[in-house]
Every structure is written in C-alpha cells, then in structure tokens.
Amino acid sequence: MKFNQITIIDDCGIQESIVQKIAELSKSSIIIFNNTLVSKEEIIQRIGDSDCILLSWKTIISAEILEACPSLKFIGLCCSLYDESAANVDIVAARKLGITVKGVRDYGDEGAAEFIFAQLIYLFQGLGKYQWKADSTELKGKSIGIIGLGTLGSMVATMAVHFGMKVFYYNRNRKTEAEQKGITYLPLHELLAICDVVTTHLPKNTILLGESEFSIKKKNSILINTSLGLTFDKVAFSQWLLTDESSYAIFDADGMAPYADELSKKNRVISSDKFAGFTAEAKIRLSEKVLENLLAY
C-alpha cells in the first residue's frame with residue numbers, strides 16, 4: 001500500500017536519507033515545506049488533498065483544520081506523543097474523523113540528559129557566568145530530585161547515581177524497580193524542600209509547580225526544565241527568583257518555550273537557545289521512528 005500524497009508541512013528535522021525512503025511510500029511526488037506556519041488557512045492550503053502529513057510539535061492542527069481536509073488518513077508527529085491532551089493535534093477530533101495520529105518516543109533523551117549534567121557541572125565549578133557556592137563544588141553528595149521518572153527522568157537518575165549524588169524522585173506512580181536501585185520516592189513538597197537540584201520531566205502543558213511549591217523550595221537550590229514548555233507557573237517562578245537570590249534555574253530552548261525572551265533575561269537563569277534533545281543522533285533516531293510508524297500503518 002502507498003499513500004496518494006505525503007506532505008511534510010513544516011521543518012520537522014527528518015534526515016534526508018529517510019525522506020527519500022518516505023518518498024517511496026507516496027504515489028505522487030512528496031511535497032516538503034521547511035518553515036513553520038501560524039495561520040490555519042496556510043496549514044489547510046499546505047495539506048490540500050494529502051492523505052498523509054508529517055509535522056513537528058510547532059504546528060497546531062485543530063479540529064477545524066482536520067474537518068477542512070477530508071482526504072487526511074494519517075498524521076505523523078515528528079515529536080513525542082505522551083498525552084493526548086498535550087498534543088499539538090486534536091487527537092479526539094482526528095479519531096472521530098477516522099484519522100490515525102502517531103508520535104514517536106525516546107529519541108532525544110541522551111542529549112537532554114547530557115545537557116543537564118553539563119550545565120550542572122559548569123554551575124558547580126563556576127566555569128560559566130555563575131557559580132553555585134562560594135567555592136567550586138562537586139556533584140558527589142549533593143541531592144537531586146527528579147519530577148517525572150519516565151525514560152529521561154530514569155536516565156538522569158542513573159547518571160546522578162554514577163556521580164555519587166543522593167537521588168530522589170516524585171512520580172504519579174511509584175517506581176519499584178527504581179527504588180530497588182536506591183532511588184528514593186518522596187512526596188512532591190518534601191522533595192522540593194530538601195533537594196539541592198530539582199529537574200522536571202513532564203508532558204507538555206503540565207504545570208506542577210505553583211506559588212505554594214516555590215514557597216517551600218530549598219534555599220540556594222537549582223531548578224532545571226528541559227520539558228516541552230513550562231512545568232511551573234511563570235509568575236510564581238519569577239517571584240521565587242526575586243525572593244531567593246541564592247537560587248538558580250537552568251533551561252534549554254524547550255524548557256523556556258514560549259517565553260524564552262523573557263526568562264533568559266532574568267538574573268541567575270542559565271539558558272540555551274538549543275534544543276538539548278535534538279542532537280544529530282537524535283534526529284536520526286527520530287527519523288527512523290517516523291518511518292517505522294508509516295510502514296506499520
């Protein structure tokens with residue numbers, strides 16, 4: 001079986017070698033767009049009569065768009081799909097219209113984990129703009145709290161253990177296997193109160209930290225977010241930085257979206273315009289998994 005028309009409707013990072021294999025699955029010549037759209041009219045125009053589209057997390061596909069594109073049968077998300085409510089495609093509407101939506105998972109975790117520890121080492125050793133303590137310090141013996149012990153959270157936990165850190169986690173479900181490896185479960189407020197470092201790994205649009213959480217967060221501590229979008233209330237976060245002048249925050253481009261310009265200018269915020277999980281290797285893994293989804297369909 002081949003699709004009648006496959007269209008890549010934005011710059012979703014698929015490797016050229018994989019694009020060529022995807023093109024073989026389209027009866028008509030594959031159509032490729034390399035920029036992200038903002039208006040629904042442009043999105044509808046690009047989709048046209050395509051029965052298969054591929055897109056990144058940056059393009060929003062609403063129910064209105066889906067209804068305007070009756071030829072659509074398959075949507076391939078070139079990004080993670082953990083929670084339907086957090087997806088950039090209206091999956092409920094797609095299901096009603098008989099459109100299959102598939103995402104990929106676990107393609108950028110290695111790069112994100114390396115980013116976290118690279119930034120921590122720079123901050124602890126004073127190798128960049130900021131230094132955490134008066135003297136440079138080691139990771140060994142410091143406490144890290146991981147909020148969200150999925151694939152990336154588990155990878156961070158394992159690396160932290162190797163660095164000799166005291167590792168704690170909070171997750172909506174207890175992880176017995178992790179606890180058997182010495183990773184200790186704590187209720188959220190207790191974790192925030194005792195950990196030197198707190199790193200959040202949550203689905204898009206999951207706001208878990210608000211005013212009450214920041215009010216009990218340990219002084220002279222560090223908050224890290226590489227999730228897709230904020231995992232905290234922005235106003236409460238800003239107030240935390242103002243009231244605790246000994247604490248720091250670390251973000252990659254994902255972790256600040258869509259407030260990068262605002263957050264990156266704050267004091268004691270260490271930020272990057274790079275997407276930590278979108279390395280050259282991650283793009284290959286992503287591309288291969290997108291192709292797998294198409295072939296499976």
Could you check Glu281 against (1) of a type in the set (D, E, K, R); (2) touching a residue at least 40 places away in the same chain (Cβ under 8 Å); (3) surrounded by 17 or more Cβ atoms within 10 Å (Cβ to Cβ) and say which number it fails? (3)
Out of the range 212-261, which residues are loosely packed, with under 15 Cβ neighbours inside 10 Å, of a type in the set (Asp, Glu) and either touching a residue at least 12 places away in the same chain (Cβ under 8 Å) or closer than 18 Å to His189 by Cα (or both)? Glu245
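Listed here are the residues, each with its yes/no results for (1) touching a residue at least 12 places away in the same chain (Cβ under 8 Å); (2) part of a loop (DSSP other than H, G, I, E, B); (3) within 25 Å of Arg105 (Cβ to Cβ).
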{"site": "Ile146", "(1), (2), (3)": "yes, no, yes"}
{"site": "Met155", "(1), (2), (3)": "yes, no, yes"}
{"site": "Val161", "(1), (2), (3)": "yes, no, yes"}
{"site": "Asn173", "(1), (2), (3)": "no, yes, yes"}
{"site": "Gly182", "(1), (2), (3)": "yes, yes, no"}
{"site": "Leu192", "(1), (2), (3)": "yes, no, no"}
{"site": "Thr199", "(1), (2), (3)": "yes, no, yes"}
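Quick one: which residue in Gly98, Gly76 is farther than 30 Å from Gly153 by Cα and modelled with pLDDT of 95 or more? Break it down into steps so the answer makes sense when it comes.
Working: Gly76 fails: farther than 30 Å from Gly153 by Cα.
Criteria check complete, one pass: Gly98.
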What number of residues in the range 169-193 are touching a strand residue (DSSP E or B) at 6+ places or on another chain (Cβ under 8 Å), closer than 24 Å to Thr137 by Cβ and surrounded by 14 or more Cβ atoms within 10 Å (Cβ to Cβ)? 5
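Have a look at Phe251, Phe232, Phe237, Phe275 and point out the one that is of a type in the set (Phe, Trp, Tyr) and under 15 Å from Gly108 (Cβ atoms). Walk me through how you get there before you give the answer.
Working: Phe251 fails: under 15 Å from Gly108 (Cβ atoms); Phe232 fails: under 15 Å from Gly108 (Cβ atoms); Phe237 fails: under 15 Å from Gly108 (Cβ atoms).
After applying the criteria, what remains is Phe275.
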If I filter the range 264-294 down to residues being under 25 Å from Ile121 (Cβ atoms) and among the hydroxyl-bearing types (Ser, Thr, Tyr), which single residue comes out as farthest from the chain's Cα centre (by Cα)? Ser264
So Glu177 clears everything in (1) in contact (Cβ under 8 Å) with a residue 24 or more places away in the chain; (2) assigned to a helix (DSSP H, G or I) except one condition, right? Which one? (1)
Candidates Ala118, Ala134 - the one that is in a loop (DSSP other than H, G, I, E, B) and either modelled with pLDDT of 95 or more or closer than 16 Å to Val198 by Cβ (or both): Ala134
Among the residues in the range 130-148, are any in the same structural domain as Leu192 (by TED's automatic domain parsing), buried (at least 19 other Cβ atoms within 10 Å of the Cβ), within 22 Å of Trp57 (Cα to Cα) and not charged (D, E, K, R)? yes
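The values are calculated or read from the model by the stated rules, or taken from the named source; none is laboratory data. Since the model is a prediction, treat every value here as computed from it, not as a measurement. When we count neighbours, we look across all protein chains shown, and the Cβ atoms used for this are built from the backbone with ideal geometry, even at glycine.
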